[in-house]
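S.K.: Supplied in structure tokens, the structure appears directly below.
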Amino acid sequence: MPSLAIIGAQWGDEGKGKITDYLSGEADMVVRFQGGNNAGHTIIVGDRVFKLHGLPSGVVRPGKLAVIGNGVVVNMEELLVEVEHVLENGCNIDGLRISDRAHLIMNYHKKLDGAEEAYRGKGVVGTTKKGIGPAYQDKMARIGFRAGDLLEEDLLKEKIRFLIGYKNDLLGMLGGERCGCTVESLFAKMMGWKEAVGDRICDTSVLINDALDAGDNVLFEGAQGAMLDIDHGTYPYVTSSATCGGGICTGAGVAPNRIGQVIGCLKAYTTRVGEGPFVTGLQGEEERRLQVKGGEIGVTTGRSRRCGWLDLVVAEHATRMCGFTSLAMTKLDVLNDYEEIPVCTAYRIDGETVEHLPASISRMQRAEPVYKTMKGWKSWNDTEAVVREGYDALPAEMRGYIEYVEDFLKVPADIVSIGPDRNETIDRRGGRWWD
Ligand code: IMP
């Protein structure tokens with residue numbers, strides 16, 4: 001029953017796409033369990049570049065099942081554009097499966113996302129405006145469309161009738177634009193979705209559990225990161241799904257004892273997109289240096305990411321919430337050529353030293369980082385040699401940095417990434433992930 005999960009240990013954008021791609025080589029099935037097309041990952045296959053948001057990354061690899069679990073919210077319209085893009089580039093979607101319990105993101109969810117943000121005024125969350133929050137609101141309010149509804153036409157019509165009226169009233173109240181569709185036009189559009197992917201909709205929990213029973217390799221692919229978790233993140237500056245370990249169970253329909261190893265993807269520094277507290281966040285030139293060196297521009301929104309030093313209070317919280325068994329430390333090369341590198345090991349809040357992430361946003365906003373200063377390292381020009389010779393060939397100061405993090409979190413950094421290419425990955429387990 002080999003299963004691996006990859007979860008972001010910060011606020012997303014830790015480089016999960018690269019690590020998922022690296023580990024999915026031997027996976028039979030890749031499963032997304034939360035989030036929606038607010039995520040973004042770039043996959044390079046030969047000379048083809050795929051920028052995917054809604055489709056699981058396994059979809060472009062022949063012979064793999066790529067599963068959208070029940071915990072995901074699916075924007076069918078945008079998913080079909082991605083499917084087109086994948087087909088035009090010579091790949092197929094034979095392996096795509098969509099949970100009949102996955103909720104659908106509708107156009108009115110996107111309008112509501114914009115209207116709610118505008119209504120919040122100064123308290124804006126800085127969402128991706130993809131309709132993620134409003135779609136999850138409907139799920140919890142028990143009025144959402146699920147993918148399986150596409151297969152039941154009478155029920156679908158009834159729901160459409162209710163929801164168009166309800167959402168128009170709501171949008172009117174928030175000063176947003178109305179739905180702009182009729183019962184007939186929306187029904188016709190949804191029948192188009194059914195025609196395109198109706199045969200991919202199934203009970204994916206059964207599929208995943210059967211695969212685990214058969215001894216297949218199943219990879220659970222997290223989106224966003226632990227700090228954006230609806231319960232355990234920096235609420236309310238979070239996304240609306242369960243991004244931590246528990247989200248795999250509820251969002252894929254698997255029991256806790258079916259999850260094997262959990263790999264925490266930890267960027268060597270910290271970034272976040274959107275609003276919310278960021279204790280180690282930098283300003284001005286210092287921030288700009290990391291932004292430029294790290295290419296920190298969002299794949300989904302095109303916004304510049306806020307940048308700062310590594311925050312181990314955040315990483316400890318993520319480790320506790322997700323049960324990391326390994327770390328994949330990424331983008332260490334971005335820290336080349338610093339004399340010294342600060343690492344945050346605790347917060348000072350109102351004169352007190354705090355070791356665990358506070359729930360209170362105002363406390364987070366008052367927190368000052370307590371830094372340990374690590375020695376920096378020089379860049380080297382023979383990356384290939386370092387990759388060939390492995391971990392021990394890394395500069396001693398870089399190893400010191402990695403090992404400090406390992407000791408602090410009590411989790412081995414089994415994967416170390418020192419560049420964007422697939423071969424700039426040091427695998428300290430020599431590829432033995434599915435034994
Ligand atoms: P939403 O998920 O669009 O509702 O946005 C809520 C918050 O999560 C905002 O701060 C977004 O910038 C952030 N967010 C959502 N998806 C991602 C992601 O894939 N990477 C980084 N931040 C994200």
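The values are calculated or read from the model by the stated rules, or taken from the named source; none is laboratory data. Since this is a predicted model, take the numbers as computed values, not measurements. Backbone-built Cβ (ideal geometry, glycine too); neighbour counts: all protein chains shown.
S.K.: What tally of residues in the range 112-137 results from selecting those that are assigned to a helix (DSSP H, G or I) and within 14 Å of the ligand (Cβ to nearest atom)? Please lay out each step first, then the result.
M.R.: Initial filter on the range 112-137 (assigned to a helix (DSSP H, G or I)): 112-123, 132-137.
The next check asks that each one be within 14 Å of the ligand (Cβ to nearest atom); those that pass are 112-117, 120, 123, 132-137.
Number of matching residues: 14.
S.K.: Go through the residues of the range 45-54 one by one and say whether even a single one is within 30 Å of F162 (Cα to Cα) and in the same structural domain as P420 (by TED's automatic domain parsing).
M.R.: Quick first cut of the range 45-54, residues within 30 Å of F162 (Cα to Cα) only: 53-54.
Filter once more, keeping what is in the same structural domain as P420 (by TED's automatic domain parsing): 53-54.
Yes, some residue in the range 45-54 is within 30 Å of F162 (Cα to Cα) and in the same structural domain as P420 (by TED's automatic domain parsing).
S.K.: Here is a follow-up. Look through G264, G274, G260 and report the one residue that is surrounded by fewer than 24 Cβ atoms within 10 Å (Cβ to Cβ) and either aromatic (F, W, Y) or under 30 Å from D216 (Cβ atoms) (or both).
M.R.: G260
S.K.: Within the range 294-308, track down each residue that is part of a loop (DSSP other than H, G, I, E, B) and not hydrophobic (A, V, I, L, M, F, W, C).
M.R.: Here is the first cut: in the range 294-308, the ones part of a loop (DSSP other than H, G, I, E, B) are 295-296, 298-303, 305.
Matches in the range 294-308: G295, E296, G298, T300, T301, G302, R303, R305.
S.K.: If we scan the range 329-347, do we find a residue that is under 18 Å from M398 (Cβ atoms), under 21 Å from the mean Cα position of the chain (by Cα) and of a type in the set (S, T, N, Q)?
M.R.: yes
A quick yes/no check of all residues on (1) surrounded by fewer than 19 Cβ atoms within 10 Å (Cβ to Cβ); (2) within 11 Å of the ligand (Cβ to nearest atom); (3) farther than 18 Å from N38 by Cβ:
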residue: L186; (1), (2), (3): no, no, yes
residue: M190; (1), (2), (3): no, no, yes
residue: V197; (1), (2), (3): no, no, yes
residue: C202; (1), (2), (3): yes, no, yes
residue: I208; (1), (2), (3): no, no, yes
residue: Q224; (1), (2), (3): no, yes, no
residue: T243; (1), (2), (3): no, yes, no
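S.K.: Another question, then. Tell me, which residue of the range 1-36 that is among the polar types (S, T, N, Q) and modelled with pLDDT under 95 is nearest to the ligand (Cβ to nearest atom)?
M.R.: Taking the range 1-36 as the starting set, the residues that turn out to be among the polar types (S, T, N, Q) are 3, 10, 20, 24, 34.
When the remaining residues are screened for being modelled with pLDDT under 95, the result is 20, 24.
Values: T20: 13, S24: 18 Å.
So the residue we want is T20.
S.K.: Looking at T325 and the list (1) of a type in the set (V, I, T); (2) within 21 Å of the chain's Cα centre (by Cα); (3) buried (at least 19 other Cβ atoms within 10 Å of the Cβ), which single condition is not satisfied?
M.R.: Checking T325 against (1) of a type in the set (V, I, T); (2) within 21 Å of the chain's Cα centre (by Cα); (3) buried (at least 19 other Cβ atoms within 10 Å of the Cβ), the one that fails is (3).
Yes or no, residue by residue, for (1) more than 25 Å from R303 (Cβ to Cβ); (2) out of contact with any strand residue (DSSP E or B) (no Cβ under 9 Å at 6 or more places or on another chain); (3) not assigned by TED's automatic domain parsing to the domain that holds G8:
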position	(1), (2), (3)
G40	no, no, no
G58	yes, no, no
A66	yes, no, no
V73	no, no, no
E77	no, yes, no
V86	yes, no, no
L112	no, yes, yes
R120	no, yes, yes
V124	no, yes, yes
